[in-house]
Amino acid sequence: MNRDMDHSGNKIGRVWFEERTAHHEIAVYDTMELDGEKGRFRVLQFSGEATQGALDLKRPERILFEYPRAIIHLMESNQAAFENVFLIGHGIGTIAGYFAEKSFKVAELDETVVQLSRTFFGYNQDNVIIGDGRALLAGEADRAYDYVIVDAFTREGTPRQLVSLEFFCLIQQKLSEGGAVILNLMGRGERDRLIHAIMLTLGELFACTKAFILPADGAADLQNIIIIGSDKPIAFQARQMAGFVELEPGQGYIIRD
């Protein structure tokens with residue numbers, strides 16, 4: 001990472017942490033501008049990828065990014081009384097922290113990420129397990145979770161083992177009746193063959209699927225894409241989706257391990 005600018009060209013202030021772990025090149029830094037907004041922000045960033053999490057230092061309770069706001073809306077709309085969630089990928093703990101009164105089990109591959117979330121971003125829940133998310137989910141009881149959320153990235157993107165037919169079959173076994181799987185991905189929308197493949201693969205197992213994309217300036221730009229699958233119709237209000245719009249499925253293929 002350039003010590004003066006982040007990946008969006010924002011000027012970096014104090015760098016609190018910078019290290020390459022076995023899984024990521026990680027930095028934590030403060031900045032006075034985030035995606036064009038002036039203020040005081042603290043950022044968790046992995047090298048070569050989109051920002052993994054950010055905190056408004058003046059309003060710590062505020063959720064800065066669109067994708068967790070959209071996921072929260074989908075969770076509240078489709079099972080308002082949900083209780084149990086399995087989340088793969090911790091970041092700074094935004095979603096689990098927002099639903100502090102619910103029962104979350106969070107799988108995170110990199111112990112350093114969890115330590116940083118506590119030290120620099122105020123995460124205070126005791127619900128994170130270090131390890132491979134798929135392996136940890138396999139050890140959970142069947143029908144134990146109302147939601148399974150996948151929000152995990154490496155330098156190469158979302159690992160293939162977390163978007164395969166076999167993994168979605170495992171998720172289906174762990175979901176309670178009426179439960180849903182939600183994936184946060186990065187892709188190029190209508191032109192992204194992999195995104196369409198993930199949608200088609202999920203649709204092999206779940207009766208109802210929807211995809212939402214956060215529009216970008218250029219069609220070739222990487223964008224946040226949220227995909228949800230359930231055995232019941234998916235509810236949402238467009239105005240509550242934080243700018244995400246529906247993405248129509250295109251030609252895809254089945255992803256297998």
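Computed from the coordinates by the stated procedures, all read-outs in this text should not be read as laboratory data. Quick caveat: nothing in here was measured; it's all calculated off a predicted structure. Every residue, glycine among them, receives a Cβ derived from its backbone with ideal geometry; neighbour counts consider all protein chains shown.
Check which residues have an amide H placed less than 5 Å from His24's amide H, if you skip close sequence neighbours.
Under 5 Å from the amide H of His24 lies no amide H from a residue far enough along the sequence or on another chain.
Using θ = phi - 60° and the Karplus curve 6.51 cos²θ - 1.76 cosθ + 1.60, what whole-Hz ³J(HN,Hα) does each residue of segment 172-184 get, with Gly and Pro shown as x?
4, 5, 8, 7, 6, 4, x, x, 8, 9, 10, 10, 9
Pairs Lys174/Lys210; Lys102/Lys174; Lys102/Lys232: which exceed 25 Å Cα-Cα?
In this structure, no pair lies more than 25 Å apart at Cα.
Note the full-extension length gain between Leu165 and Cys208 as 0.36 nm times their separation in residues minus their Cα-Cα distance, in nm to one decimal.
Numbers: separation 43, 0.36 × 43 = 15.48 nm, distance 1.56 nm.
Once the chain is fully extended between Leu165 and Cys208, it gains 13.9 nm.
Which aspartates and glutamates does Lys38 reach when only Cα atoms under 16 Å apart count, and residues fewer than 8 places away in its own chain are ignored?
The qualifying aspartates and glutamates are Asp6, Asp30, Asp56.
Considering just Cα atoms, how many Å³ per residue does the convex hull of segment 150-257 enclose? Spell out each step's value before the answer.
Working: hull volume 10.8 nm³, N = 108.
Per-residue hull volume (Cα only) is 100 Å³.
For every helix of n ≥ 4 consecutive DSSP H residues, a contribution of -39,500 (n - 2.57) applies; sum these over the chain, divide by its total residues, and give [θ] at 222 nm rounded to the nearest 500 deg cm²/dmol. Please report the intermediate quantities before stating the final value.
Details: 6 runs with 56 residues, N = 257.
Helix-only estimate at 222 nm: -6000 deg cm²/dmol.
Please find the FRET efficiency linking Asp30 to Gln173, where r is the Cβ-Cβ separation and R0 is fixed at 41 Å, and quote it to the nearest 0.05. Show your work: numbers first, answer last.
Values: r = 43 Å, r/R0 = 1.05.
E(calc), rounded to 0.05, equals 0.40.
Debye calculation, C-alpha points only, no solvent: report log10 I(q)/I(0) for the chain at q = 0.09, 0.15 Å⁻¹, in the same order as the q values.
Calculated log10 I(q)/I(0) at the listed q: -0.37, -1.12.
DSSP loop (so not H, G, I, E, B), at most 16 other Cβ within 10 Å: list which trypsin sites (Lys or Arg not before Pro) in segment 111-213 pass both filters.
Details: sites: Arg118, Arg134, Arg143, Arg155, Arg160, Lys174, Arg188, Arg191, Arg193, Lys210; in loops: Arg143, Arg155, Arg188.
Passing sites in segment 111-213 are Arg143, Arg155.
If we restrict to alpha carbons, what Rg and Dmax does segment 12-56 come to, in Å?
10.6, 34
At most 10 other Cβ atoms within 10 Å plus a DSSP loop assignment makes a site exposed; report the longest stretch of the chain without any exposed GluC sites (Glu not before Pro). Write down the numbers at each step before the final one.
Working: sites that count: Glu61, Glu101, Glu156.
After excluding every exposed loop site, the longest remaining stretch is 157-257.
Taking amide hydrogens as modeled 1.01 Å from N in the peptide plane, which residues meet the under 5 Å criterion relative to Lys232, leaving out close sequence neighbours?
The list, which skips near neighbours in sequence, is Cys208.
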